[in-house]
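Please read the structure below before turning to the comments.
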Amino acid sequence: MNKKTTSKGASKSASKTLTSKSTGKSSKSASGSALSQTGTPKRQTSPKAASAASKTLRDGRTSKTSKSAAGSTLAQTPKKKGK
């Protein structure tokens, strides 16, 4: 289990991303996931939110604040178990 939580800075970025009218679906999904994991190491990123965060990071049009929230979301993705 991953014990990371969203930092204050990433939470602030996620909040800004969610309130922005020009932000896309993927960025908002990743930001919502990051915000939901603030201060709670028991919550983990879902595969759907991880995919949205990855898409957000790869998109060249994405703002710095959205990328910060997406990075936090991906950092809290459960580690894959080896085969």
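Odds and ends about this structure:
- Odd one out for Ala30 among (1) of a type in the set (A, V, I, L, M); (2) without any contact (Cβ under 8 Å) to a residue 24 or more places away in the chain; (3) closer than 16 Å to Thr77 by Cα: (2)
- Note on region 9-40: among residues that are touching a Lys or Arg at 6+ places or on another chain (Cβ under 7 Å) and either surrounded by fewer than 19 Cβ atoms within 10 Å (Cβ to Cβ) or assigned to a loop (DSSP other than H, G, I, E, B) (or both), the one that is modelled with the highest pLDDT is Leu18.
- When the residues of region 41-71 are filtered to those that are modelled with pLDDT of 90 or more and of a type in the set (Val, Ile, Thr), the one that is nearest to Lys16 (Cα to Cα) is Thr65.
- Given (1) β-branched (Val, Ile, Thr); (2) under 11 Å from the mean Cα position of the chain (by Cα); (3) surrounded by fewer than 19 Cβ atoms within 10 Å (Cβ to Cβ), index of the condition Thr6 fails: (3)
- Look at region 45-61: where a residue is of a type in the set (D, E, K, R) and a partner is crowded, with 16+ Cβ neighbours inside 10 Å and at pLDDT below 95, sitting 6+ places away or on another chain with Cβ atoms under 7 Å, you get Lys55/Ser26.
- Residue check for Lys3: assigned to a loop (DSSP other than H, G, I, E, B), of a type outside the set (Gly, Ala, Ser) and at pLDDT below 90: yes
- Qualifying positions in region 41-65 - of a type in the set (Ser, Thr, Tyr) and not in a helix (DSSP H, G or I): Thr45, Ser46, Thr62, Ser63
The values are calculated or read from the model by the stated rules, or taken from the named source; none is laboratory data. As the structure is a prediction and not an experimental result, all values here were calculated from the model. As a convention, Cβ positions derive from the backbone with ideal geometry for all residues, glycine included, and neighbour counts pool all protein chains shown.
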